[in-house]
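A.B. asks: Have a look at this one.
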Amino acid sequence: MKISVSWLRRYVEITEDPRDLANDLTMFGLNVEGVHALAPEFRGVVFGKVLEVKRHPKADRLTMCTVDVGGARPLNVVCGASNVRAGLGIPVALDGAVLAGGAKIKRSKIRGEVSEGMICSEIELGVGDDAAGIMELDFEEKPGTSLDGKLGETSYVFDVEVTPNRPDLLSHVGIAREVAALYRRELRLPELFPLEAGDAFNVTIENGRDCPRYAAVLVDDVVVGPSPPWMQRLLTSVGMRPINNIVDATNFVLMELGQPLHAFDHDRLSKDAIVVRRAKEGETITTLDGTLRELEPGILVIADGERPVAIAGVMGGMDAEVSEATTRILIESAMFDPKLVRRARQRFKLDTEASYRFEREGDVGIMLEAASRAARLIADMRAGSPLARCTDAIHEARSLEPRSIRLRTAQVNRLMGTALDAADVAALLDRLGLPSRPTGEGLEVSVPTVRRDLREEIDLVEEAARVYGYEKIGLDEATHSSMFASASASERRSTGITSYLVSRGFAEVITSSFMDPGDLERMGWDASDERSRPLRVANPLTENQSTLRTSLLPGLLGVVKRNAPSECEEIRIFELGKIFIPAAAGSGLPREEHHLAGLVARSAAPLQWLEKERRADFFDMKGELESLLEQLGFSSGLTMSASRERSGRIFRWHAGSVRIAEGGVVAEGTLERFDVDSPIFFFDLNLDAVPVESMGWPRFSPVSPYPAVKRDLCIVVSEKVAYTEVRGVIMRNAKFLDSIRLFDYYRGGHLGEGKRSYTFRLNFRSADGTLDGVAVDREVQRILGALQRELQATLRTE
C-alpha cells in the first residue's frame, strides 16, 4: 500500500521528518517497508535572468525575451505570460528539456520568430497549480545553474505492509487515524456532501449475503474533463493514472477512505435500474480493459434492467462507461461478499485496487460516507450537481451498529505486566477511536464498524499495548505479573537443550515446515516407513513446498548443501521443530511430534597445533547424543539396537519399549542425491517421548576428600550385546562406583566368531572414608557375577 505523506497532511498535522515518522509508525504496529522521495519530475531546466522584453512583431499577446542562461550568448525566447519583465529570475527549459508532464522542449518557430527554449510556469514544472503566468524565482543563482531539486517540495511516499485483518489501513484516512493516535493529535476528516437516504434510484439486491449494502448517488449536469492538478499529483504519487475528473474523484475516495466506488453513465443504464445478482448462463460483458468476458453462473455482477454492466467488486463494463458525452452519472458505493469477489478475480485474472480491498472485507458503515465524499469532490470541481436524495439499501441494519466488548482491567495488567487502572486503559483506547464506559471489572468498549478486526478481549489488550508502547512493557519495577515472566516446562526444556548444544559447538538452524516431495526419493526411505507418506498442502505456494515435513533431516541436509561452497571446516547444526506424521486411513488428524535433530560432519574439532586434524565419525555423534540424553535424565536404562536401511546405518535408543532417539550415518546414495560430498552423521530425538520436566537445573554434590581405588575389568560377550547393555548392568550393580570408562575394544582373533571384548576402567570412591582393596574386590566380583547372569559374560584371561 502506497501512502503519500503530503496526502496524509490533509487530515493530521505532521511535523516529523518522514523517516522518523516511518520508524515511529513501525514501532506503533504498522510495518513501513520503504520510504521513497519524489522530487518534481523535470530535467534540463536552468536558472535564467530576463535581460530585455520586446513585443512580438506578429502577435499582440506574445513577447520576445532575451534571456541569460550562462552560455556564450543570451537566448531568444518567445513568451506569452503577462508577468514577464526585465531583471526577473526565471526557470528556463532549454532545447531537449523534459517537463513534469513529459513534454519535450525543442528549438522552434512561433509565429515566424525562433524560440530557443521555454520560460516555465509552476504547473508546467509540476511544483504548483498556477498556470496563468511564468514562475518568478525569489532567489539568485548563477545563470545556467541547474534547477533540479531546487524547486517545489520533495514529497515522500511510504510502502506500508497491511495485514489482511486490517483493511482499515488501506487508506490515507486510516493511516492518518494511526498517526493521530500515535502523536495525540486531532484527526481532520474530509468534508462530505449532505445526502438524505431515500428511494432516489431503483436498486434491487437479490441476495443480501452477496451484497450487504448498496448506496447509489445521482449527479446531474456532469461535465467530463481533466481533474485539478493537485488531485492528479496526489493520485500519481501513489501509482494511479489520472483519467478524468469523474473517475479521478472515485479513485481519490478509494485511496482516501479505502472504499472502492464506481461511476456509471446514468443514461446508458437500461430501464433506469440497478440489480445486484449472480450471472446467468451465456451472459457476457466487455470490461473497461476492452476484453470480452464470458460470465458463468455464480459470478456476482451489477446489472441494469437488461444486461450486466460490471463484475461486482472487480471491474466495470464499457456499456455504461463514463465518457466525454456523459451528462448524468450514478455513483455506486457497495459491499460485496469477499469470497465472490475472490472467485471472480481468480476466474478472470483481474487484480484491481477494488478487488484487493473487497477481498479483505472493509467497513460496511462507510458506504454512504464514501459516496457523499465523491459527490462533494465533484461539486467542488464544478464537474456536476449531486442530488441530495440518494438510495441506501441495507441487508441488515444491525451490521451498522458498533460492537460491544467487555475488557477486564486485571486481564490487561496481567498480560502487559502493568499496573494501569480502568481510566488509564480507557484513555489508551480512546486515542484509537474506541470509546468505552466503566463497568464493575473494567470497561465496556464500543468498537466501530471500521475496526472489524477487533472481536475479542485479547484484541483490545493488544491495541492498548501498542498505544502504551511495546518498549515500555516490563519496565515497571513495581509489577511482576506478566504472563511472560515464567516460561512453561516445555519452553524451559527447549531453552536448556539449545543452551547445552550451543555450548557443545552446535549452531541452531530453522528450516521450513514444508517439504519438497523430491526429498522422499532423496532420503531413500522404505515404502513402509511412515515418513514416506507426507501430507499434501491443499494450496501450496510452490511445488517444492507442497507437503508437510515428516522429518527434520531433509531440511538439515539442505542447509549443508547450501553452505557447501563456504567450505566450513566443521559442521555441527541442530534444529528443534515439529514434524507431521499422517494418521492411518480414516483415523483422524495427523500426529504433530516435537523433534530435535542434529548433524555432525567434516572435522571433529577446530584445527589446532597440538593435535592432528581428525574427521568426525559415528562415535562423535553418538557421544553428543548420549551426553544430551543424560542431561535429559536418561543416565541409565537405555538400550540400543542397530539396523541397516536404504537411508543408511541406523542405531536406535529405547527406554523400555519406547523409542527415544535414532542416529547413524547417512547413506552415500542419499548424500549424492542431496549433492553433499562429505560423510554425515545424524541424530533424531523424539522430545514427545521425553518427560517435560526431565531437564532441570544442574545438581551438585560434595567431592569426596578420600582417594579413589581403580580396577580394570575385561570381559567377553556375544557381539549381539551392545555396550549400553554392559554399562547399564555395571551401573545398577556397583556400589561406591565413581566413574566408568571404556578404554579398549576388541573383536576377532582368538576370541572366536561372534564374540567381542570390552575393557573398562572402574573408579571406586566412598564419601565416608578410604576404601580398602578387599572391599573393592568384593564389588568387582559382584559386578562380574551380574554380568554373567544377565549377559552371559565371561572374564577375559588372555
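The values are calculated or read from the model by the stated rules, or taken from the named source; none is laboratory data. For clarity, every value in this text was computed on a predicted model and none was experimentally measured. Please note: Cβ atoms are built from the backbone with ideal geometry, for glycine as well, and neighbour counts cover all protein chains shown. The accessibility values were calculated without ligands, DNA or RNA, using every heavy atom of the protein model including side chains. Shrake-Rupley method; radii C 1.70, N 1.55, O 1.52, S 1.80 Å.
A.B. asks: What is the extension gain from residue 161 to residue 503, computed as 0.36 nm multiplied by their sequence separation minus the C-alpha to C-alpha distance, in nm to one decimal?
C.D. replies: 119.3 nm
A.B. asks: Another one. With charges only on Cβ, +1 for K and R and -1 for D and E, what is the dipole size of the range 547-635 about its Cα centre, in debye, rounded to 20?
C.D. replies: With Lys and Arg at +1 and Asp and Glu at -1, about 360 debye.
A.B. asks: Next question. Per residue, what accessible area does the range 51-138 have, given a 1.4 Å probe and all protein chains present, in Å²?
C.D. replies: Here the per-residue accessible area is 54 Å².
A.B. asks: With the calculation restricted to Cα positions, what are the radius of gyration and Dmax of the range 358-508 in angstrom?
C.D. replies: That works out to 23.5, 78 Å for Rg and Dmax.
A.B. asks: Which net charge results for the neighbourhood of residue 764, defined as the other residues with beta-carbon distances under 9 angstrom from its beta-carbon, given Lys and Arg at +1 and Asp and Glu at -1?
C.D. replies: Local net charge: +2.
A.B. asks: May I pose another question? Mind running the shape call on the range 657-786? Use the C-alpha gyration tensor, a ≥ b ≥ c as the square roots of the eigenvalues: rounded below 1.5 for a/c, prolate if a/b tops b/c, oblate otherwise.
C.D. replies: Note, shape of the range 657-786 comes out oblate.
A.B. asks: Follow-up. Working out 0.36 nm times the residue gap between residue 768 and residue 280, then minus their Cα-Cα distance, what length gain in nm do you get to one decimal?
C.D. replies: On the way: separation 488, 0.36 × 488 = 175.68 nm, distance 9.56 nm.
Between residue 768 and residue 280, full extension yields 166.1 nm more.
A.B. asks: Less than 18 Å apart at the alpha-carbon level, and either on another chain or at least 8 residues along: which aspartates and glutamates does that give for residue 755?
C.D. replies: Partners within reach: 719, 725, 744, 790, 798.
A.B. asks: For residue 306 paired with residue 98, estimate the spin-label separation in nm (one decimal), with each label point 7 Å from Cα along the Cα-to-Cβ line.
C.D. replies: In this crude spin-label approximation the distance works out to 4.7 nm.
A.B. asks: Under a 1.4 Å probe, what is the accessible area of the range 574-658 per residue, stated in Å²? Kindly include the intermediate steps, with their values, before the conclusion.
C.D. replies: On the way: 4600 Å² over 85 residues.
Solvent-accessible surface per residue comes out at 54 Å².
A.B. asks: Can you give me the pair-distance distribution of the chain, C-alpha pairs, 20 Å bins, whole percents?
C.D. replies: 12, 27, 28, 20, 10, 3, 0
A.B. asks: Tell me which of 197, 152, 232 sits at the most positive position along the dipole axis of the range 131-232, charges placed on C-beta atoms (Lys, Arg +1; Asp, Glu -1).
C.D. replies: Of the listed residues, the answer is 197.
A.B. asks: Describe numerically, in nm with one decimal, the distance between label points set 7 Å from Cα along Cα→Cβ at residue 712 and at residue 439.
C.D. replies: For the pair residue 712/residue 439, the computed spacing is 8.0 nm.
A.B. asks: Suppose R0 equals 51 Å; then what is the FRET efficiency for residue 746 and residue 568 from their Cβ-Cβ distance, rounded to the nearest 0.05? Walk me through the numbers on the way to the answer.
C.D. replies: Numbers: r = 36 Å, r/R0 = 0.70.
Between residue 746 and residue 568 the formula returns 0.90.
A.B. asks: Let me ask something additional. For the range 565-667, evaluate the Debye formula with one uniform point scatterer on each Cα (no solvent term) and list log10 I(q)/I(0) at q = 0.19, 0.25 Å⁻¹, rounded to two decimals.
C.D. replies: -1.14, -1.39
A.B. asks: Consider just the alpha-carbon atoms of the range 23-63 and return their Rg together with their Dmax, both in angstrom.
C.D. replies: Final numbers for Rg and Dmax: 23.8, 66 Å.
A.B. asks: Quick one: what does P(r) look like for the range 83-126 with 5 Å bins over all Cα pairs, in whole %?
C.D. replies: 5, 21, 26, 24, 20, 4
A.B. asks: Can you give the helix-only mean residue ellipticity at 222 nm for the chain, where every DSSP H stretch with n ≥ 4 adds -39500 (n - 2.57) and the sum goes over all residues, rounded to the nearest 500 deg cm²/dmol?
C.D. replies: On the way: 19 runs with 193 residues, N = 798.
Estimated from H runs of four or more residues: -7000 deg cm²/dmol.
A.B. asks: Let me ask something additional. With a 1.4 Å probe and all protein chains left in place, how much of the accessible area of the range 1-151 comes from carbon and sulfur atoms, in whole percent?
C.D. replies: Numbers: 3620 of 7760 Å².
Ligands and nucleic acids excluded, carbon and sulfur reach 47 percent.
A.B. asks: Right, next: Using +1 on the beta carbon of Lys and Arg, -1 on that of Asp and Glu, and nothing else charged, what's the dipole of the chain about the Cα centre, debye to 20?
C.D. replies: In debye, rounded to 20, the chain gives about 1880.
A.B. asks: Let's see if you can work this out: charge +1 on each Lys and Arg Cβ, -1 on each Asp and Glu Cβ, no other charges. What is the dipole magnitude of the range 209-349 about its Cα centre, in debye to the nearest 20?
C.D. replies: 740
A.B. asks: Shifting gears a bit: Summing +1 for each Lys or Arg and -1 for each Asp or Glu, what net charge is found among the other residues whose Cβ lies under 11 Å from the Cβ of residue 40?
C.D. replies: My count for the surroundings of residue 40 gives -2.
A.B. asks: So what are the radius of gyration and Dmax for the Cα set of the range 712-795, in Å?
C.D. replies: According to the Cα coordinates of the range 712-795, Rg and Dmax are 13.3, 45 Å.
A.B. asks: Please work out how much length the chain gains when fully extended from residue 703 to residue 673, using 0.36 nm per residue of separation minus the C-alpha to C-alpha distance, in nm with one decimal.
C.D. replies: The span from residue 703 to residue 673 would gain 5.6 nm if fully extended.
A.B. asks: Where in the range 26-70 does the label zone of residue 130 land, with the point 7 angstrom along Cα→C-beta and an amide N cut-off under 15 Å?
C.D. replies: Answer for the range 26-70: none.
A.B. asks: Take the Cα gyration tensor of the range 182-332, multiply each eigenvalue by 5, square-root it, and list the three semi-axes largest first, rounded to whole angstrom.
C.D. replies: Sorted largest first and rounded, they come to 28, 19, 17 Å.
A.B. asks: Something else now. Report, as a whole number in µm² per second, the diffusion coefficient that Stokes-Einstein gives for the range 395-477 at 20 °C and 1.002 mPa s using the Kirkwood radius over alpha carbon pairs.
C.D. replies: After rounding, the answer is 164 µm²/s.
A.B. asks: Which pairs in the list 58/109; 710/735; 49/142; 280/339; 622/720; 54/150 are over 20 Å apart, alpha-carbon to alpha-carbon? The partial results should precede the final answer.
C.D. replies: Details: 58/109 12 Å; 710/735 13 Å; 49/142 9 Å; 280/339 18 Å; 622/720 18 Å; 54/150 29 Å.
In this structure, 54/150 exceed 20 Å between Cα atoms.
A.B. asks: Based on DSSP, what percent of beta bridges with both residues in the chain are antiparallel, to the nearest 5?
C.D. replies: 95
A.B. asks: Any chance you could check the Cα centroid distance between the range 619-665 and the range 745-776 for me, in angstrom?
C.D. replies: 24
A.B. asks: Go through 326, 36, 423 and say which Cα lies farthest out towards the positive end of the charge dipole of the chain; charges sit on Cβ, +1 for Lys and Arg, -1 for Asp and Glu.
C.D. replies: About the Cα centre, the residue reaching furthest to the positive side is 36.
A.B. asks: A further question follows. How high is the FRET efficiency from residue 780 to residue 719, r the C-beta distance, R0 41 Å, rounded to 0.05?
C.D. replies: Approximately 0.95, to the nearest 0.05.
A.B. asks: Using only the alpha-carbon atoms of the range 92-152, report the extent along each of the three principal axes, biggest first, to the nearest angstrom.
C.D. replies: Taking the Cα atoms of the range 92-152, the three principal extents are 33, 26, 20 Å.
A.B. asks: Sequence neighbours fewer than 8 away in the same chain don't count; with that in mind, list the aspartates and glutamates whose C-alpha is under 13 Å from residue 271.
C.D. replies: Cross-link targets: 304, 306.
A.B. asks: Rounded to the nearest 0.05, what FRET efficiency do residue 184 and residue 385 give with R0 = 51 Å and r taken as the Cβ-Cβ distance? Could you check?
C.D. replies: E between residue 184 and residue 385, to the nearest 0.05, is 0.80.
A.B. asks: Also, quick follow-up: How charged is the neighbourhood of residue 27? Take every other residue with its Cβ under 12 Å from the Cβ of residue 27, and add Lys/Arg as +1 and Asp/Glu as -1.
C.D. replies: Charge balance near residue 27 sits at -2.
A.B. asks: Find the centroid of the Cα atoms in the range 161-188 and in the range 289-309, then give the distance between the two in whole Å.
C.D. replies: 35
A.B. asks: Which of the aspartates and glutamates could be linked to residue 472 by a straight reach, that is with a Cα gap under 18 Å, when you skip same-chain ones fewer than 8 residues away?
C.D. replies: 24, 421, 424, 462, 463
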